[in-house]
Amino acid sequence: MNTKSNFIQLILSLAIGFVLTIFFLGYENIGLTKTNWFIKYDTISDFLALKFFLNDKWHFPLGLNSNYGDLNNSIVFSGAVPIFSLISKIFKNFLPYNFHFFPIWITICFALQIFFSYKIIFNFTKDNVYSLISSFFFIFTPILIYRLGFHLSLGAHWLILAYFFLELSNNKKNILFYKIILITISSLIHFYFTIMLFMMSLFFSFYRYLEFKNLKFFIKENIFILISLVLTMYFVGYFVIPPTDTLGYGYGFYKSNLLTFFDPSYSDLDTWSLFLPDIGNVKGEFEGFGYLGLGIIILSFFLIIYIFKNFIPNIKLNLKYILLSIIFLLLAFTNSINIGNFELINLKLPTFLYAPLSVIRASGRFIWPVYYLIIIFSLIAFYKLKIKFRYLLLLLIIQLIDLSP
């Protein structure tokens, strides 16, 4: 695709993203000073972090938010989308009272979710209409809408899709540069995305090393990414808090359930399905909430059909994505594995492992890359099976009706 086509696609994505934001927030809440929709603790906390940051002078590191709390703090330890907070601070003298950029951020998340999902599907199908309709399956997903409802910075699921686009794309020109930019940007949005993207990058890099035995490129690639990332993290204030103070409880608790893709409820009060019943889960597994939606669940059966039509070649061709999924699933399920309310496995880990694992204490979030791989390959399988396009539209309608609660 040339630059002009990419620009047109991006503008169209932004237009759709803005319309979706109006529906998501309500027209009356679109303004950049409107705060009536801040009803969740996390959203209010992020807004307060932004207010303190904007009303403080510049420090070094640049993200230092010294007035927010008793200890040294940084905007990167809030959900106030650090990259947007830093940009806003540059123009703080021109901003209105009670300013926040959250509606803009939500619009960008919707827009880039559409943009990169469209690019991924088009890369395989070369079909504009199919790719556009497919992109809505990535928008109408409970995990995205749920996070944007209260964890604003964690709504940047487009970072995962952008990384998969780089790996799945046939054009590998300047891929290392784009990876460095993407992983660096992720650290200016939310560190959980940084961990995910860096792990994926390291995995694919090691897989290529095993395939081509190019040790020099393997070392160079990962050193460049690591240096760029650490420098960025230093300049924005990731290291103002001692590493020992960042350790926390949660690994093995804030996890995912084996049935998460089919369970429409993460609590007794909320359900995301009009059709499927609550399966049940244990406390803490809301972090690993991963209900696909009935439309996508049906769509995934076409992936199974496609795989078994030519089982061995399909497995060999996509082995790296299967292995990556297994790694992320193991991290998401942790050492305490449940099927619904039933505890299947509870392994006691060596005590020393809990320190490094506490960095990913909300490990249930590691279900997200697997979640999107299921959608990507299900849509590709549906297309390659040459099923009539109207049935894809039907599945999208089922998805929307199912999520209507």
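The values are calculated or read from the model by the stated rules, or taken from the named source; none is laboratory data. Because the structure is predicted, anything quoted here is derived from the model rather than measured. All Cβ positions, even for glycine, are placed from backbone atoms using ideal geometry, and neighbour counts span all protein chains on display. Side chains included, ligands, DNA and RNA excluded: accessible areas come from the protein's heavy atoms. Shrake-Rupley method; radii C 1.70, N 1.55, O 1.52, S 1.80 Å.
Restricting the range 350-373 to residues that are more than 14 Å from the chain's Cα centre (by Cα) and either touching a residue at least 40 places away in the same chain (Cβ under 8 Å) or under 17 Å from Phe261 (Cβ atoms) (or both) leaves a set whose member that is surrounded by the fewest Cβ atoms within 10 Å (Cβ to Cβ) is Ala355. Here is the figure for the range 169-204: residues that are on the phi < 0 side of the Ramachandran plot and free of Cβ contacts under 8 Å to residues at least 12 places away in the same chain total 6. Could you say whether any residue in the range 46-65 is touching a Leu at 6+ places or on another chain (Cβ under 7 Å), crowded, with 16+ Cβ neighbours inside 10 Å and among the charged types (D, E, K, R)? Checking the range 46-65: at least one residue is touching a Leu at 6+ places or on another chain (Cβ under 7 Å), crowded, with 16+ Cβ neighbours inside 10 Å and among the charged types (D, E, K, R).
For the range 159-170, the criterion of being open to solvent by 30 Å² or more (accessible area, probe 1.4 Å), at pLDDT below 95 and out of contact with any Pro (no Cβ under 7 Å at 6 or more places or on another chain) is satisfied by at least one residue.
Selection of the range 10-31 for residues being of a type outside the set (A, V, I, L, M) and either in a helix (DSSP H, G or I) or touching a Gly at 6+ places or on another chain (Cβ under 8 Å) (or both) yields Ser13, Gly17, Phe18, Thr21, Phe23, Phe24, Tyr27, Glu28, Asn29. Gly284 meets the stated requirement of being at pLDDT below 95 and on the phi > 0 side of the Ramachandran plot. Considering only residues in the range 285-328 that are outside any helix (DSSP H, G or I) and touching a residue at least 40 places away in the same chain (Cβ under 8 Å), the one that is farthest from the chain's Cα centre (by Cα) turns out to be Asn318.
Each residue in the range 167-205 was checked for being in contact with a Phe, Trp or Tyr (Cβ under 7 Å, 6 or more places away or on another chain) and not aliphatic (A, V, I, L, M), and 3 of them qualify.
Here Phe136 meets each of (1) open to solvent by less than 30 Å² (accessible area, probe 1.4 Å); (2) part of a helix (DSSP H, G or I) with one exception, condition (1).
Among residues of the range 374-401 that are in contact (Cβ under 8 Å) with a residue 60 or more places away in the chain, those with a Cβ under 9 angstrom from a residue that is among the aromatic types (Phe, Trp, Tyr) and surrounded by fewer than 14 Cβ atoms within 10 Å (Cβ to Cβ), sequence gap 6+ or separate chain, pair up as Ser378/Phe301; Phe382/Tyr391; Ile398/Phe275; Ile401/Phe275.
For every residue, the table says whether it meets (1) modelled with pLDDT of 95 or more; (2) open to solvent by 10 Å² or more (accessible area, probe 1.4 Å); (3) under 27 Å from the mean Cα position of the chain (by Cα).
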residue	(1), (2), (3)
Gly340	no, no, yes
Glu343	no, yes, no
Asn346	no, yes, no
Ile375	yes, no, yes
Ser378	yes, no, yes
Tyr383	yes, yes, yes
Phe389	yes, yes, no
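From Phe193, Phe122, grab the single residue that is crowded, with 17+ Cβ neighbours inside 10 Å and over 13 Å from the mean Cα position of the chain (by Cα). From the options Phe193, Phe122, the qualifying one is Phe122. Could you tell me whether any residue of the range 232-239 is out of contact with any helix residue (DSSP H, G or I) (no Cβ under 8 Å at 6 or more places or on another chain), among the β-branched types (Val, Ile, Thr), within 26 Å of Trp368 (Cβ to Cβ) and open to solvent by 20 Å² or more (accessible area, probe 1.4 Å)? No, every residue in the range 232-239 fails to be out of contact with any helix residue (DSSP H, G or I) (no Cβ under 8 Å at 6 or more places or on another chain), among the β-branched types (Val, Ile, Thr), within 26 Å of Trp368 (Cβ to Cβ) and open to solvent by 20 Å² or more (accessible area, probe 1.4 Å).
Considering the range 79-98 alone, what residues qualify as being more than 26 Å from the chain's Cα centre (by Cα) and on the phi < 0 side of the Ramachandran plot? Those that are more than 26 Å from the chain's Cα centre (by Cα) and on the phi < 0 side of the Ramachandran plot: Ile90, Phe91, Lys92, Asn93, Phe94, Leu95, Pro96, Tyr97.
Close contacts from the range 87-108, counting a first residue that is assigned to a helix (DSSP H, G or I) and of a type in the set (S, T, N, Q) and a second that is modelled with pLDDT of 95 or more and open to solvent by less than 40 Å² (accessible area, probe 1.4 Å), with Cβ to Cβ under 8 Å and a gap of 6+ residues or different chains, come to Ser88/Leu50; Ser88/Leu54; Ser88/Phe99; Ser88/Phe101; Thr107/Gly17; Thr107/Leu20; Thr107/Thr21.
Could you check the range 13-36 and list, in sequence order, the residues that are open to solvent by less than 40 Å² (accessible area, probe 1.4 Å) and of a type outside the set (Ser, Thr, Tyr)? Ile16, Gly17, Leu20, Leu25, Gly26, Asn29, Ile30, Gly31, listed by residue number.
Residues of the range 205-221 that are open to solvent by 20 Å² or more (accessible area, probe 1.4 Å), free of Cβ contacts under 8 Å to residues at least 60 places away in the same chain and in a helix (DSSP H, G or I): Phe206, Arg208, Tyr209, Leu210, Glu211, Phe212, Leu215, Lys216, Phe217, Phe218, Ile219, Lys220.
Every test in (1) within 24 Å of the chain's Cα centre (by Cα); (2) at pLDDT below 95; (3) open to solvent by 50 Å² or more (accessible area, probe 1.4 Å) is passed by Phe262 save one, and that test is (2).
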